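Quick notes on the structure that follows.
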Amino acid sequence: MDSTSVILQIGLSLLLVVAAIWGSVWLMRRLNGMTGQSSRALRIQAVLPVGQRERVMVIRAGEESLLIGVTPQSIVLLKSLGNDFEATSEAVSAPADSEFARKLQSLLVRDKKLTGSNDTPPEPKHTFD
């Protein structure tokens, strides 16, 4: 086999792989478009972050509201709220002037004063030679 036929074979193989990927994407979009209408029965009513990647959510499934806990590893039903839950602004997000927020802000200010920080990163304590 000469180099021209090898390059032609590699080019055709690459074209076939790209076409397969494009066809898969097109098919997934078509299938998601068909099932997208049934997802309207499931809505998020309220979200409260409780950690970096953990959240407590109220979702509406048909006529019923459910309180669920969501982590990167699992989703757990915490309580069934029935059909009388109405999301308010307090339920959707934690208040910015909560006791925790005030304490955190005061600790950050105090830490800044103690360390004399001026928003510059600290020097590394260890060097590796």
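Remarks
- Residue 106 being of a type outside the set (Lys, Arg), surrounded by 10 or more Cβ atoms within 10 Å (Cβ to Cβ), modelled with pLDDT of 75 or more and not in a strand (DSSP E or B): yes
- Subset of the range 21-68 [over 17 Å from residue 80 (Cα atoms), modelled with pLDDT of 80 or more and among the charged types (D, E, K, R)]: 29, 30, 53, 54
The values are calculated or read from the model by the stated rules, or taken from the named source; none is laboratory data. Because the structure is a prediction, the values reported are computed rather than measured. Note that each Cβ is placed from the backbone with ideal geometry, even for glycine, and that neighbours are counted across all protein chains shown.
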